[in-house]
1. Checking the condition in a strand (DSSP E or B), touching a helix residue (DSSP H, G or I) at 6+ places or on another chain (Cβ under 9 Å) and in the same structural domain as residue 221 (by TED's automatic domain parsing), which residue from 134, 103, 116, 89 passes?
2. Residue 53 - would you say it is of a type in the set (S, T, N, Q), in the same structural domain as residue 241 (by TED's automatic domain parsing) and more than 18 Å from residue 166 (Cβ to Cβ)?
3. Would you check if there is a residue in region 469-477 being touching a residue at least 24 places away in the same chain (Cβ under 8 Å), over 22 Å from residue 523 (Cβ atoms), not polar (S, T, N, Q) and not in a loop (DSSP other than H, G, I, E, B)?
4. Please work out which residue is nearest to residue 594 (Cα to Cα), limiting yourself to region 618-634 and to residues that are out of contact with any Asp or Glu (no Cβ under 9 Å at 6 or more places or on another chain) and surrounded by 14 or more Cβ atoms within 10 Å (Cβ to Cβ).
5. Please go through region 298-331 and pick out each residue that is assigned to a loop (DSSP other than H, G, I, E, B) and of a type in the set (Gly, Ala, Ser).
6. If residue 272 satisfies all but one of (1) closer than 23 Å to residue 543 by Cα; (2) part of a loop (DSSP other than H, G, I, E, B); (3) modelled with pLDDT of 80 or more, what's the number of the condition it fails?
7. Here are the criteria: (1) touching a strand residue (DSSP E or B) at 6+ places or on another chain (Cβ under 9 Å); (2) over 17 Å from residue 16 (Cβ atoms); (3) surrounded by fewer than 20 Cβ atoms within 10 Å (Cβ to Cβ). Tell me which single one residue 259 does not satisfy.
8. Between 21, 44, which is among the aromatic types (Phe, Trp, Tyr) and surrounded by 17 or more Cβ atoms within 10 Å (Cβ to Cβ)?
Amino acid sequence: MKYSYIKTATASPTLSVGDCFGNADNIACIINELAQKDVELVLFPELSLTSSNCGDLFTLPAFIQQCAKALERVIEATRGKNIIAVAGAPVANNNSLYNCSIAIHNGRICGIVPKAQLNNSTSNESRWFTAGIAKAEIIEVAGQKVPFGSNLLFTTPEYSFGIETGTEANAPLSPGALLAAEGATIILNPSAEATIAGSHKATKARIENKSAICKCGYMHANCGWGESTSNAAYAGYCAIAECGDILAQTGQFNTAGHYTVSEIDTEKIQKQRIADNNFGCKGYATVIDIPQIHSENCEITRNINANPFVPCDDCAKERLEEVFNIQANALARRIIHIHANTCVIGISGGLDSTLALLVTAKACDICGKPHSDIVAITMPGFGTTERTHTNAHTLMERLGVTIMEISIKEACLQHFKDIDHNIENHDITYENSQARERTQILMDIANQRNGIVIGTGDLSELALGWATYNGDHMSMYSVNASVPKTLIRHIVNWYAQECGDKTVASTLTDILDTPISPELVPANENGEIKQKTEDLVGPYELHDFFIYNFVHNGYAPEKIYFLAQQAFKDEYSNEVIKKWLATFMRRFFIQQFKRSCSPDGPVTGVCNLNPHIGWIMPSDTSGREWTDIIGKLK
């Protein structure tokens, strides 16, 4: 598929215990339906050809022969199709019976994987089955000579997959983990696990954790409707996960056959594995090549998150609080380590300095220091508005910090006179002089009071280089350095809801509603902010999307553009997305010199531009090829 997406499905067909031909027909029906949807890989449950509860029927040679004949119907269903189907069936070999997963493509059995770690705690599998061994051999099944072994690694030109059956996934050293270490980008888990109270939550957590730890796509298909309920019930849960996230899933206890479809991003998996450096082991797997032809035209059905930094699950509040506490505890440790008497911070009434002030107050609480040890300074300049000035003072007063106000106007006017700069020329010199004057004030007051200057700049600004070099770019500790602008908004909103102070809450709400601006040029005739950052460099929600997909996922510009089109199709035109993507890519490369000398700051999430442990790149790295690609996009 285009952009390294593999369209996959996990299915739980309607079963009938012991009815091999009926089950084969149901499986074949789903294969035919999914092939029409351009699915390239489909997984069916463990022992889906027979059901998992056939008991001593498994010991009857006639029953196993029936199953082998029924398998031919499944094989035939794949003929002439591009889909790879993995179905479960008992397979006899050398007077032993094995619980197997059978991979089939275009009328051929590609390989058979016998379950190596049998479940005797709840199902007494060893009564009927023999545990498979890793050593691969060739056996004959359905008139075909095929590889047989629990260590098979199936590879196609675009991806590879391995199989761990049922409860093997719970083993400390599972087959899936071994195969992932050897390069399997997708792990398949056909299952016939009975459902008990609480087991669904555990299964879902295991799928998420397994895909995160193994940095892989993970497919789970459990048997459901029609499976025997003599001793247990089966929920038929199907799920597809990728690197810790569930992409698609079904509900439980459907009363008919069902499936779920989504696309697994093998490029994202590759990027995370390269960064991890723990993959690429050799010696365990036997590699089986499958000559599958990949489609370039499949429709993307998975959700493309427009705000990848923002938590959107049931634990959103916990995660926002966690980021806040990481910032505060890191700052508290720095305060204690350097024996700082005070924390000095510039307060503008804007979003970033607001979060930095809230974090600093929490850090003082952790250190057992009064909020009066925070020296919060407003420094009105030529563009400061009444709205931001009022909000800054209200917040400082409610938090009980030491308040100072030092206008920078006279100092800047003197500076303009000294360097012979026209006060009416509102160019970069006019703007940056104000930012550097403010930083000088903060640094000098910190020296006076044995303090530490708290930085307010965020990850989004670092990525774009949207900071005055040695102005707001510099501090003694940068608490927001790895927190993007979109996430800052949500943290401040969370604090407003949780703080219990109506005045603080209403002030924070107004700050959230205030346009983002450095306020370095005079306000308009109505006293409102004239210089709006997002008019100049683009919407931060777009830039944060670009940052996540470029820095964390490692995508090329054309893929980022494609995904942005999906995520923001109702908000921005293709021309607007392309314009700001070009801005992002150009600024990201030419502004690296600012990140190369960034102050310390805590890592709070998956993206980090810290020049020592995060994004490491020479300041003179060329971005020409990246921007040239964007110029050719349509």
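1. 89
2. no
3. yes
4. 619
5. The answer is 306, and nothing else.
6. Every condition holds for residue 272 apart from (2).
7. (3)
8. Unique residue meeting the criteria: 44.
The values are calculated or read from the model by the stated rules, or taken from the named source; none is laboratory data. Please read these numbers as outputs of a predicted model, since none were measured by experiment. Cβ: placed from backbone, ideal geometry, glycine included. Neighbour counts: every protein chain shown.
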